[in-house]
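The values are calculated or read from the model by the stated rules, or taken from the named source; none is laboratory data. Quantities reported herein were computed from a predicted structural model and do not represent experimental measurements. As a convention, Cβ positions derive from the backbone with ideal geometry for all residues, glycine included, and neighbour counts pool all protein chains shown. For the accessible areas, the whole protein counts, side chains as well, though only heavy atoms, and no ligand, DNA or RNA atoms are used. Shrake-Rupley method; radii C 1.70, N 1.55, O 1.52, S 1.80 Å.
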Amino acid sequence: MCGGRGTRLDAPVEKPMYRVAGRPMVDRAHDALAGSEVESVVAAVSPHTPETAAHLRECGVAVVETPGEGYVADLDAALSTLSRPAVTCVADLPLLSPALVDEACEAARNSSADSLTVAVPADLKRRLGVSVDTTFDERGRELAPTGLNVVGGDDGTVWVTSAARLAVNVNRRGDGAVAGWLAARLGQPKE
């Protein structure tokens, strides 16, 4: 999912093209998905991200156009072109790894539910110093969705992980700084 406006980031580039440790976030997310058990990667772009769409096409990534009317509308448009279950991922998860994608897929397979939302404790995000924009309560725990999901049907469950890599969504410049710092600590390659 790389078609949002990215207004909170307030960057001079489209949000998916924002660089963390020298590489566009969309490239980092793509590499994690492509290195996982996921069969194919399709990027959902919108009229808000023409440079991202051009970049991805130049890299040979399949692209689907969405209306750019918000995350849910764009997700629905993208999912209408894919078979299920489908792994969905936002482009602003620059620390995502193939192993984490595979863990989410395994958790989905082991679940009795059709779909899986990957979440982290909201406190983890606060301890890391990144923004906490959306939370929900699950059995008395304040959780934050990560933007990584496995979508099958309407029956869903939540998989909670404490993986710091999934707690860093880059929505603001400060989030980008934390992501860059963690990328260096995790030994993630630069461009």
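Here's the yes/no breakdown for (1) in contact with a Pro (Cβ under 8 Å, 6 or more places away or on another chain); (2) of a type in the set (S, T, N, Q); (3) surrounded by 15 or more Cβ atoms within 10 Å (Cβ to Cβ):
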position	(1), (2), (3)
Ala77	yes, no, yes
Asp92	yes, no, yes
Ala113	no, no, yes
Pro121	no, no, yes
Thr146	no, yes, yes
Asn169	no, yes, yes
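If Leu128 satisfies all but one of (1) over 16 Å from the mean Cα position of the chain (by Cα); (2) modelled with pLDDT under 95; (3) under 28 Å from Glu14 (Cβ atoms), what's the number of the condition it fails?
For Leu128, the exception is condition (2).
How about segment 24-53: which of its residues are in a helix (DSSP H, G or I), under 24 Å from Arg173 (Cα atoms) and open to solvent by 40 Å² or more (accessible area, probe 1.4 Å)?
Hits for segment 24-53 are His30, Asp31, Pro50, Glu51.
Based on what the data block shows, is Ala107 farther than 17 Å from Tyr18 by Cα and crowded, with 16+ Cβ neighbours inside 10 Å?
yes
Can we say Asp137 is of a type in the set (Asp, Glu), at pLDDT 95 or above and over 14 Å from the mean Cα position of the chain (by Cα)?
Answer is yes for this residue.
Select from segment 107-143 the residues that are in contact with a Phe, Trp or Tyr (Cβ under 8 Å, 6 or more places away or on another chain) and of a type in the set (A, V, I, L, M) and list them in ascending order.
Within segment 107-143, Ala107, Ala108, Leu116, Val118, Ala119, Leu143 qualify.
One residue is enough: does segment 174-181 have a residue meeting the conditions free of Cβ contacts under 8 Å to residues at least 24 places away in the same chain, farther than 17 Å from Ala119 by Cβ and either open to solvent by 60 Å² or more (accessible area, probe 1.4 Å) or assigned to a helix (DSSP H, G or I) (or both)?
yes
Which residue pairs have Cβ atoms closer than 7 Å, lie 6 or more positions apart in sequence or on different chains, and pair a first residue in segment 69-81 that is more than 15 Å from Val150 (Cα to Cα) with a second residue that is outside any loop (DSSP other than H, G, I, E, B) and not β-branched (Val, Ile, Thr)?
Listed by first residue and then by second, the contacts come to Asp74/Ala44.
Would you check if there is a residue in segment 133-148 being within 17 Å of Met1 (Cα to Cα) and aliphatic (A, V, I, L, M)?
Checked against the condition, which is being within 17 Å of Met1 (Cα to Cα) and aliphatic (A, V, I, L, M), segment 133-148 yields at least one hit.
Test Val41 against the criterion of being without any contact (Cβ under 8 Å) to a residue 60 or more places away in the chain and in contact with a Leu (Cβ under 6 Å, 6 or more places away or on another chain), and give yes or no.
Criteria met by Val41.
Applying the selection to segment 54-65, what residues are part of a helix (DSSP H, G or I) and open to solvent by less than 30 Å² (accessible area, probe 1.4 Å)?
Leu56
Would you point out which residue out of Thr88, Thr134 is touching a residue at least 12 places away in the same chain (Cβ under 8 Å) and either of a type in the set (Ser, Thr, Tyr) or touching a His at 6+ places or on another chain (Cβ under 7 Å) (or both)?
Result: Thr88 is the single residue among Thr88, Thr134 that is touching a residue at least 12 places away in the same chain (Cβ under 8 Å) and either of a type in the set (Ser, Thr, Tyr) or touching a His at 6+ places or on another chain (Cβ under 7 Å) (or both).
Return the residues of segment 5-23 that are on the phi > 0 side of the Ramachandran plot and open to solvent by less than 50 Å² (accessible area, probe 1.4 Å); say none if nothing qualifies.
The answer is Gly6, Ala21, Gly22.
Limited to segment 126-144, what total is found for residues that are assigned to a strand (DSSP E or B) and either buried (at least 17 other Cβ atoms within 10 Å of the Cβ) or not hydrophobic (A, V, I, L, M, F, W, C) (or both)?
Final tally of qualifying residues: 6.
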